[in-house]
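These notes are about the structure you will find just below.
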Amino acid sequence: MVQRYAGGVRSSYRARMAQKADNHVMQGKRILLGVTGGIAAYKSADLVRRLVEHGAQVQVVMTAAAREFVTPTTFQALSGRAVRTDLWDPAAEAAMGHIELARWAELVLVAPASADFLARLAHGLADDLLTTLCLATAAPIAVAPAMNQLMWSNAATRSNVDLLTSRGMHLIGPAVGDQACGEYGPGRLLEPMEIVSQIAPLLAPAGPLVGRRVLLTAGPTRECIDPVRFVSNRSSGKMGFAMAESMRAAGADVVLISGPVFLPTPPGVRRIDVESAEQMYAAVQRELPGTAIFIGTAAVADYRPVACAPQKIKKNSETLALELTRTTDILLQVSAGAQRPFMVGFAAETNAVEHYALAKLLAKNLDLIAANEVGHAKAFDSDDNSLLVLWRGGRLELPVSSKRELARALTGVIIEQYLAQLAARDRDSAAQHDSAELATREGARAS
Ligand SMILES: Cc1cc2nc3c(=O)[nH]c(=O)nc-3n(C[C@H](O)[C@H](O)[C@H](O)COP(=O)(O)O)c2cc1C
């Protein structure tokens, strides 16, 4: 029986769910914020505010060039801590030496990161306090570059960034857009809230899903016609990637199996790239053991060409018939398997959304389904979406918002339903245990 919620209840419920997913992941976390010399340094003041609002302890370290743009006093007032600027400051060194400071940090975030700073970091220089701390820390390092688009595209910067990311440093942005210098292109500092949500998963996980594994599929699949052609669909993978990010923010160990998409991997998420439905199924089977929650957001092709031509098919005839055969239904296989996790499916429908979604929930024995209307520029490839969430005994409408916001709200609902299912199972097994024990005692008394 599908239960309907009154509107007021629904919106407060949604807010509660989104908050649950966040679960104060930054509360008490120690973040060392490096500010380098760029025009975007003023935005770091707002970044400090946001981090503090999220409960983080923020220690700001400024380069000499950064102090040409903003005064340390601003950061001191916002962070409530004296700003560190100098490697050769005896008083600051006596209070907390630079090695101690490097150990104190649970995350080093450099925002904005100048081209000069990235170059120095890539080459292991330790010629000021910030670079020295970066070399001396065991904490993850995230950099949010900000610079003129030509500086960003310069081969030297590109190769420095590649080197740093290949060593495990996390790259946050930059965004593409209008620049302070009047040009347009890549090199804008991401907005502070965007930076906050991207670093959350890098902090030692906290949240209701710590120690639990979440396996997601995302994006489209490509089914080979010949070496240069394929059958595919319009899925962008955005919803699946947003779900992976919010599941990670809830503390889960997240494995994301993705079809071909043009999206960066959410921080802290392990990503496996595949192309076809068959490859996706193989990867799912490999990664399934130990999975607590399976979320199938991928738009897996239902059919693939019976054969993939070994050579490019020539246009020798007026018509060409392509024989298709069914692909494996990944969701159904996982749901019917012995290692069945909590199952979440997505339904993309062009009409009768609720009817088909409910049918899919039941037919595939899912625990929860998130349905949306697709086609006519809706859902696929767009940044916004709306969802209808159904589960046995519940129904929730999530109105149009960004896929990231929807993902947070949906994550909250999934967590609540998953934990409720675990609790019910615990109650059942406790009841079974009690009645078995009672039977044993009565048997003993009777004999
Ligand atoms: C007005 C002005 C704006 C600047 N903006 C940037 C910038 O946005 N990004 C950048 O990488 N460098 C920028 N620079 C150059 C850096 O400040 C310079 O490379 C400096 O050495 C960086 O030092 P740091 O990495 O120690 O902070 C700017 C310089 C000036 C004078």
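The numbers here are math on the coordinates, done by the rules we state, and not lab data. Not measured: the values here are computed from a predicted model. Here the Cβ positions follow ideal geometry from the backbone for every residue, glycine too, while neighbour counts run over all protein chains shown.
Summary table below
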quantity: Lys/Arg +1, Asp/Glu -1 at C-beta; segment 26-202 dipole; positive extreme among H170, I39, L129; calculated: H170
quantity: Within straight-line cross-link reach of K403, aspartates and glutamates at Cα separation under 19 Å, skipping those fewer than 8 residues along the same chain; calculated: D22, E191, E194, E245, E349, E373, D381, D383, D384
quantity: Contact order normalised by residue count of segment 26-202, Cα under 8 Å, 6+ apart, percent; calculated: 23 percent
quantity: Sequence-separation-based contact order of the chain, relative, with Cα cut under 8 Å and 6+ spacing, percent; calculated: 14 percent
quantity: Amide H contacts under 5 Å for G394, placed H, 5+ residues apart; calculated: Q3
quantity: Span from the segment 196-234 Cα centroid across to the segment 57-132 one, whole angstrom; calculated: 34 Å
quantity: Disulfide-incompatible cysteines by the Cβ rule (no partner under 4.7 Å) in the chain; calculated: C134, C181
quantity: Options T328, Y356, P341, ranked by Cα towards positive dipole end of segment 312-368, top entry (Cβ charges); calculated: T328
quantity: Reachable aspartates and glutamates from K314, criterion Cα separation under 13 angstrom, eight or more residues apart if same chain; calculated: D226
quantity: Check: segment 164-312 dipole with +1 on Lys, Arg Cβ and -1 on Asp, Glu Cβ, in debye; calculated: 280 debye
quantity: Average silhouette area of segment 214-355, convex hull of alpha-carbon atoms, in square nanometres; calculated: 10.3 nm²
quantity: For segment 26-202, with +1 on Lys and Arg beta carbons and -1 on Asp and Glu, the positive-most of L189, L51, F69 along the dipole; calculated: L51
quantity: Debye, to nearest 20: dipole size of the chain, +1 on Lys, Arg Cβ, -1 on Asp, Glu Cβ; calculated: 760 debye
quantity: Long-range amide H partners of A142 with built H, under 5 Å; calculated: V108, L109, V110, H170
quantity: DSSP loop chymotrypsin sites (Phe, Trp or Tyr not before Pro) with at most 12 other Cβ within 10 Å: longest gap in the chain; calculated: 263-447
quantity: Interchain or long-range residues, amide H under 5 Å from I272's placed H; calculated: L256, I257, S258
quantity: Value of Rg/Rh across the chain [Cα atoms, Kirkwood radius]; calculated: 1.05
quantity: Electrostatic dipole magnitude of segment 26-202 [Cβ: Lys, Arg +1; Asp, Glu -1; Cα centre; debye, to 20]; calculated: 320 debye
quantity: Calculated diffusion of segment 26-202, Stokes-Einstein form, Kirkwood radius summed over Cα pairs, 37 °C and 0.692 mPa s, µm²/s; calculated: 206 µm²/s
quantity: Calculated from backbone phi, Karplus (6.51, -1.76, 1.60) coupling profile of segment 62-70 in Hz, x at Gly/Pro; calculated: 10, 7, 4, 5, 4, 6, 6, 9, 9
